[in-house]
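Single-structure report; data block below.
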Amino acid sequence: MSALPVTLTAAEPPLLQLSRAVKHYPTAGGVVHALDGVDLAVGHGETLGLVGESGCGKSTVARVALRLVPLDSGQLHFDGQDLSHAGGAALRDLRARLQMVFQDPYASLNPRATIGRVLREPLIVQGRAGSAAEQREQVAWALARVGLSPDMAERHPHEFSGGQRQRIGIARALMLRPAMIVCDEAVSALDVSVRAQVLNLLLGLREEFGVAYLFISHDLGVVRHMADRIAVMYLGQVVEQGPRDRVWGTPLHPYTRALMAAMPVARPQAVRAPRTLLQGDPPNPIDPPAGCRFHPRCPLATAQCRTEAPLLRDAGDGHQVACHLA
Ligand code: ADP
Ligand code: MG
C-alpha cells in the first residue's frame with residue numbers, strides 16, 4: 001500500500017478526476033439533485049473508497065465516470081484528457097481503460113451466453129478480438145487470474161454460485177487490461193466469507209497489475225479495508241475526503257462520525273463516545289435542505305449551518321472537510 005496517495009504528489013495528473021460535477025435527473029416529481037458539485041480524484045494505482053447512504057449519488061458518480069450519462073456541468077478528466085464532451089474513439093478508449101464491476105453479477109451476465117462468450121465480448125466490442133485461439137487464450141488467462149479454471153468457459157452463468165459469478169464479472173473487467181476498475185457495491189450481495197475472498201482477490205489484482213479502483217460501497221467497514229483514500233458523500237456532495245487513516249482515525253464531519261457510530265463493530269476510538277447517532281432518513285434529493293445539507297440531522301447544527309453551505313476545505317495532509325464547525 002503506497003504511503004502517499006498518488007494524487008498528493010502532484011507529479012502527474014490523477015487517473016480519474018471529476019471537477020464540480022453536476023448531474024440532475026428531471027422526474028415527474030421534480031428535479032433530483034443526484035450530484036451537486038462533486039470534486040474527486042483517483043490516482044494511478046490508487047484505491048478511492050466512496051461511501052455514503054443509499055441514494056446519495058454514488059452510482060451516479062460511477063455512471064458519469066464512464067460517461068454512461070452525460071454531466072450537466074463540470075468536468076471529467078481521464079489520464080489528463082478532458083472527456084466531458086468526448087465521443088467516438090475517445091469514449092471507446094475510456095471504456096476500455098475504465099471497466100466496471102456491478103453489484104449483481106447475474107443481472108449483468110447474459111444467461112444464454114457461455115462464460116467464454118461473455119468474456120470475449122469486450123475484446124470484440126473494442127475490435128481487439130484476434131484469432132479464435134488468441135481469444136481462448138485470453139479467456140483462460142482472465143479465468144485463471146480470478147481463481148477459476150479455463151474449462152469453465154464452456155459453462156453458463158446459472159451453473160455458478162454468487163461468488164463465482166462475481167469472479168466472472170471481475171474476469172470480464174480484466175479482459176482489456178484496464179488502468180482502473182469501478183466496483184459499485186461489488187461485494188454487497190455476497191455472504192460474509194465469500195465477500196472476504198472477493199475483496200482479497202481485488203487486492204491481489206491491484207498488487208499484480210497496479211490497477212486503480214473507485215471502490216463504491218454503503219459499507220464503511222468494507223471501504224476502510226480496501227481504500228488508500230476515503231471520500232464520504234451526502235446527498236450529492238462530497239462532505240469529507242482524505243487518506244484512509246486520517247478519515248478513519250480522525251473523522252471531521254459529523255456525518256462521517258455518525259456513519260462510524262452506526263457500524264456494528266470495530267468503531268474507531270474517536271467516535272466511541274459520545275456516540276453521534278444518525279437520526280431520521282436522508283432528506284429528499286428533489287428538495288435538498290438550504291445551507292449545509294446535513295443540518296436537519298446534525299446534532300451540532302448552528303444558525304450558520306441552516307443558511308450557509310460549507311465548502312470543502314483543506315484540513316491538512318490531503319484531508320478535506322465541508323463543515324462550518326470542523
Ligand atoms: P446511490 O448509488 O448512492 O444509492 P444513486 O446515484 O443511484 O445513489 O442515486 C442518486 C439519486 O438519484 C437518488 O435519489 C436516485 O433515486 C436518483 N436517480 C438515479 N438515477 C436516476 C434516474 N435515471 N432518474 C431519476 N432519478 C435517478
Ligand atoms: Mg448505488
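The values are calculated or read from the model by the stated rules, or taken from the named source; none is laboratory data. Keep in mind that what you see is a predicted model, and the values were worked out from it rather than measured. Cβ sites come from the backbone with ideal geometry, for glycine too, and all protein chains shown count toward neighbours. The accessibility values were calculated without ligands, DNA or RNA, using every heavy atom of the protein model including side chains. Shrake-Rupley method; radii C 1.70, N 1.55, O 1.52, S 1.80 Å.
Here are the numbers for this structure:
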| item | result |
| --- | --- |
| Nearest-ten-degree value, helix 192-209 long axis tilted from longest Cα axis of the chain | 80 degrees |
| Probe 1.4 Å, protein heavy atoms only - accessible area per residue of the chain in square angstrom | 44 Å² |
| Computed Kirkwood radius, in angstrom, where 1/r is averaged over Cα pairs of segment 7-125 | 16.0 Å |
| Theoretical gain in end-to-end length, ASP219 to ASP72 [0.36 nm per residue, Cα-Cα removed] | 50.1 nm |
| Potential extension, GLN126-GLU12 segment - 0.36 nm per residue separation minus Cα distance | 38.3 nm |
| Nearest 10 degrees, 0 to 90: helix 115-125 Cα axis against the chain principal axis | 80 degrees |
| Rg followed by Dmax, in Å, when the chain is reduced to its Cα trace | 20.2, 68 |
| Pairwise FRET efficiency - ARG112 versus ALA196, Cβ, R0 = 25 Å, nearest 0.05 | 0.20 |
| Cα Rg, Dmax, segment 87-201, angstrom units | 13.7, 42 |
| Backbone N within segment 24-47 under 17 Å of label point (7 Å from ASN284 Cα along the Cβ vector) | 25-34 |
| Between segment 85-107 and segment 298-326, the alpha-carbon center distance in angstrom | 34 Å |
| Percent carbon-and-sulfur accessible area, the chain, ignoring ligands, DNA and RNA, probe 1.4 Å | 52 percent |
| Distance in nm between pseudo-label sites at GLU208 and HIS156 (7 Å out along the Cβ direction from Cα) | 2.9 nm |
| Listed peptides 204-215, 154-165, 175-186 by packing density, highest first (mean Cβ within 10 Å) | 175-186, 204-215, 154-165 |
